[in-house]
Amino acid sequence: MSASLELWPSSPRRTGPPSRLDRLRRKLTELPCALLLFVQLAALLAYPFVENRQGDVPEAARAVFGLIGLLVLFLAVRAVRATPALTWVAVILGGPVVLLTIAEAIWTDNGTLTFWSSVLHALFYIYTGYGLLRYMFADNWVTRDELYATGATFTVVAWGFAYVYLAVQQVWPHSFTIYGENGLPGERSWFELLYLSITTMTSTGLSDIYAVEPHARAFVLLQQIAGMLYVALVVARLVGLTIARFRQ
């Protein structure tokens, strides 16, 4: 027989335009920092729906929000893998963080578990911020994802310091107080500490939560310096690229 028999015909090739799902998948692959930023902003808006005025979160809502936290962690690892930072460091930190996040949803009100989970969360997010900074300064071109990385770096570092404050609160109880409680310090929720972290990072000074213990104030000072240096780095980066463009 001159013609060969094809027992396993190959699948037909696509010749038409890509589908919406293909375009979305490509966007998510090309813009990991944008995805990370948008998920964190969505988490900011979602958390008040699960936390009551006393700072308590129902167990079911805690589990749901824990899943959102795991998704944010996955996106953070994905963003770091797109950077020159060392991937294995993110994996070493991210693995225990995922396990401790699940453990916190099962065993609530465990101070030791909360402390170590907060420490590893803080290290993981701050390292992710370092990786995103290297990503932004890797070359002399600014891509769309690098523009989103400027926002993602800010939110990631703010997340990290919120966990730092949570760990500080476990070691030195009553480190933070809130205006209107007659100056009596109390245990603050994670969302309250995130509010303190973002207002400190932006240097707006609009937070009604403030540190009253020396160790807590020391970490707040560190974040104020980090926020100032971050803005200076971003401005210097933009000015340097503008000058380089005019010289070409």
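The values are calculated or read from the model by the stated rules, or taken from the named source; none is laboratory data. Small disclaimer: the values here were computed from a predicted structure and weren't measured. For neighbour counting, all protein chains shown are included, and Cβ atoms are generated from backbone atoms with ideal geometry for every residue, glycine included.
Checking each residue in the stretch 153-173 for being farther than 13 Å from Y127 by Cα and small (G, A, S) picks out A162, A167.
Taking the criterion of being among the aliphatic types (A, V, I, L, M), buried (at least 17 other Cβ atoms within 10 Å of the Cβ) and either out of contact with any Asp or Glu (no Cβ under 9 Å at 6 or more places or on another chain) or assigned to a loop (DSSP other than H, G, I, E, B) (or both), the residues of the stretch 133-151 that qualify are L133, A149. If you go through the stretch 184-205 one residue at a time, do you hit one that is modelled with pLDDT of 85 or more, farther than 29 Å from L31 by Cα, crowded, with 17+ Cβ neighbours inside 10 Å and among the β-branched types (V, I, T)? No. Taking the stated definitions as given, is F49 closer than 20 Å to E192 by Cβ, at pLDDT below 80 and over 13 Å from the mean Cα position of the chain (by Cα)? So F49 passes the test. Out of all the residues in the stretch 203-211, is one or more among the hydrophobic types (A, V, I, L, M, F, W, C), in a helix (DSSP H, G or I) and out of contact with any Pro (no Cβ under 6 Å at 6 or more places or on another chain)? The answer is no, given that none of the residues of the stretch 203-211 is among the hydrophobic types (A, V, I, L, M, F, W, C), in a helix (DSSP H, G or I) and out of contact with any Pro (no Cβ under 6 Å at 6 or more places or on another chain).
Residues are listed down the side, and each one gets a yes or a no for (1) small (G, A, S); (2) under 19 Å from Q40 (Cα atoms):
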| site | (1), (2) |
| --- | --- |
| P96 | no, no |
| N110 | no, no |
| I126 | no, yes |
| G131 | yes, yes |
| G151 | yes, yes |
| F154 | no, yes |
| G160 | yes, yes |
| Y165 | no, yes |
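The numbered conditions (1) part of a helix (DSSP H, G or I); (2) modelled with pLDDT under 90 are all true for T177 except (1).
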